[in-house]
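Worksheet: one structure, shown below.
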Amino acid sequence: MSRIEDALFATVVARGEKVGVVDGDRTLTFAELRRAAVGLAAELSRRGARPGDRVAMFLDKTLEAVVALYGVWMAGAIAVPINEGLHGRQIRHILDDSGSRLLFSTPRKLAGLERAAVGDVERLAVDLCACAAKGAPRLTEHAGGDTPAIILYTSGSTGRPKGIVVSHANLLAGARIVARYIELREDDRILSVLPFSFDYGLNQLLTVVAEGATLFLLRSHLPADICRALSRCEITGLAGVPTLWIQLMQRQSPLPGQPLPCLRYITNSGGVFPVELVKRYRNVLPATRIYLMYGLSEAFRSTYLPPEELDRRPHSMGRAIPETEILVVDDEGRECGVESVGELVHAGPTVALGYWKQPEATAAVFRDDPRGCGGRVVYSGDLVRRDADGFLTFVGRRDQQIKSYGFRVSPEEVEEAIHGSNLVAEVVALGVPDGVAGMIVVAHIVPRDLERFAAADLIAYCEAELPRYMVPRQVHVHATLPRTSSGKVDRASIGA
């Protein structure tokens, strides 16, 4: 199996008439998905698409988006999903940077954009009935394996977004590995809240197709809608980022009082799941397994904390996912000893091919294995330490650390402490230049209860919990924090 669509073909043979994707009252069996994708691939070939061409997708998360992805892959082209929440300038950058010659979208999606945002790129619609009727006797031959399958654009919180080039082999490995450690089953019913333009959301689709489970598409991020879908669809698995988990546990959310006997597991990536919040979820959902994961888009996923380790290692980011190695290296590329702080370096089958048309940026992050054993690795820029059992703890980012009164301060450590106060729903700690301290810590927070919140109470809590140089000198109160296109808190925008 070398092409991402091969996993769909295998599932069609094993369970083709099973419903694989649900979108409201519309469904696709795996066999229907294959037929529609084959028809779409035929249409792409008729329009001149060839292996290696880039085909962009500016679509809501629908059955059409699923068919578009597989149709592009079956045509041997490279998919370029564009987050449905982006605006004209960002869309034009992705189209221009990727060199996409075709764009899947809808009149409604394009209506809010100026003509310049799309330019002369040829636009296509996805008609499921027409695609299924077309079919094709033969699919375009293409290599798969280490050839590019998709370009995923980073959120662009600093500078313009970079395209991460991901191969067929990368996608297959990511689906296989995640399905293994979360023990995905054919009878699992997964709720898809995250966008397909986010590697985390895309992997949900790929694991469902590979394992023959069922994916339920949901476009709303409102807690009430998510909770309704969890119950009505008897969902067994849900993936989210910290923002989602915070919203689902807030006072107006139905989740704390809603029994969910079918929910077998939840997963978190894209940021720290605060320890106190994990405890609340375990109290509300005692039978649900919680997987805390760490990943970077350049290598998809690096570590996970098994649910049985939550009590013993509440602050750990876990250990290496199956089939990968996680190194902790110093500035000279030498492996660090136990409990020594170094940079996390990822080696394994999910290491992406590099950044699209950016050789210098690629060379800085994607490097030769420092052990001299061949192969390429990803230098994450994240500082971690490893214990004697191989479990890792996140220390901070090289480019986000704060030096205050001569001490190096991890923003994440300050944020974790502030979450422990139970006064805030969200927090971002930043460093601000100061004539005496060098930098001081400033906290940007969203209170749990805006009317009752007092900054003095939070400062007093921090003074009791943290050393002086880590205590925020300023507290800025927000109703919400700005987000990137993948739903993460946009730290750079807050500090701008």
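Scan the range 366-422 for residues that are modelled with pLDDT of 85 or more, open to solvent by less than 60 Å² (accessible area, probe 1.4 Å) and among the acidic types (D, E) and report the count.
Residues in the range 366-422 being modelled with pLDDT of 85 or more, open to solvent by less than 60 Å² (accessible area, probe 1.4 Å) and among the acidic types (D, E): 5 in total.
Of all residues in the range 197-252 being open to solvent by 20 Å² or more (accessible area, probe 1.4 Å) and touching a helix residue (DSSP H, G or I) at 6+ places or on another chain (Cβ under 6 Å), which is modelled with the lowest pLDDT?
Ranking the qualifying residues of the range 197-252, first place goes to Q247.
Select from the range 408-441 the residues that are in contact (Cβ under 8 Å) with a residue 40 or more places away in the chain and over 26 Å from the mean Cα position of the chain (by Cα) and write down the one among them that is farthest from V278 (Cα to Cα).
V432
For residues that are open to solvent by 50 Å² or more (accessible area, probe 1.4 Å) and small (G, A, S), scanning just the range 465-493, find the one that is farthest from the chain's Cα centre (by Cα).
Filtering the range 465-493 for residues that are open to solvent by 50 Å² or more (accessible area, probe 1.4 Å) and small (G, A, S), the one farthest from the chain's Cα centre (by Cα) comes out as A479.
Go through the range 437-464 and count every residue that is exposed (fewer than 14 other Cβ atoms within 10 Å of the Cβ) and either under 30 Å from G295 (Cα atoms) or among the aliphatic types (A, V, I, L, M) (or both).
Taking the range 437-464 first, the residues exposed (fewer than 14 other Cβ atoms within 10 Å of the Cβ) are 449-452, 454, 456-457, 460, 463-464.
When the remaining residues are screened for being either under 30 Å from G295 (Cα atoms) or among the aliphatic types (A, V, I, L, M) (or both), the result is 450, 454, 456, 460, 464.
Total satisfying the criteria: 5.
If I filter the range 321-331 down to residues being at negative phi and at pLDDT 95 or above, which single residue comes out as most open to solvent (accessible area, probe 1.4 Å)? Walk me through it before giving the result.
Here is the first cut: in the range 321-331, the residues at negative phi are 321-322, 324-331.
After this cut, where a residue has to be at pLDDT 95 or above as well, the list is 321-322, 324-329.
Numbers: I321: 4, P322: 22, T324: 19, E325: 92, I326: 11, L327: 5, V328: 4, V329: 1 Å².
Selected residue: E325.
Among the residues of the range 332-357 satisfying the criterion of being assigned to a loop (DSSP other than H, G, I, E, B) and hydroxyl-bearing (S, T, Y), which is most open to solvent (accessible area, probe 1.4 Å)? Walk me through it before giving the result.
Our first condition is that a residue be assigned to a loop (DSSP other than H, G, I, E, B); within the range 332-357, this holds for 332-334, 336-340, 348-353, 356-357.
Now drop any that are not hydroxyl-bearing (S, T, Y), which leaves 340, 350.
Working: S340: 49, T350: 6 Å².
So the residue we want is S340.
Can you say whether L191 is within 19 Å of the chain's Cα centre (by Cα), more than 19 Å from I290 (Cα to Cα) and either open to solvent by 20 Å² or more (accessible area, probe 1.4 Å) or modelled with pLDDT of 95 or more (or both), as far as the supplied structure shows?
Considered against the rule, which asks whether it is within 19 Å of the chain's Cα centre (by Cα), more than 19 Å from I290 (Cα to Cα) and either open to solvent by 20 Å² or more (accessible area, probe 1.4 Å) or modelled with pLDDT of 95 or more (or both), L191 comes out as no.
Filter the range 96-117 down to the residues that are open to solvent by less than 10 Å² (accessible area, probe 1.4 Å) and either in contact with a Gly (Cβ under 7 Å, 6 or more places away or on another chain) or at pLDDT below 90 (or both), then identify the one that is farthest from A41 (Cα to Cα).
A117
Pairs under 6 Å by beta carbon, first residue within 11 Å of L102 (Cα to Cα) in the range 36-59, partner part of a strand (DSSP E or B) and open to solvent by less than 40 Å² (accessible area, probe 1.4 Å), six or more apart or different chains?
Once the first residue is within 11 Å of L102 (Cα to Cα) and sits in the range 36-59, its partners that are part of a strand (DSSP E or B) and open to solvent by less than 40 Å² (accessible area, probe 1.4 Å) give R54/I78; R54/V80; V55/L102; A56/V80; A56/L103; M57/P81; M57/F104.
The values are calculated or read from the model by the stated rules, or taken from the named source; none is laboratory data. This is a predicted model, so every value here is computed, not measured. Here the Cβ is made from the backbone with ideal geometry for all residues, glycine too, and neighbour counts use every protein chain on show. Note: accessible area is taken over every heavy atom of the protein model, side chains too, but ligands, DNA and RNA are not part of it. Shrake-Rupley method; radii C 1.70, N 1.55, O 1.52, S 1.80 Å.
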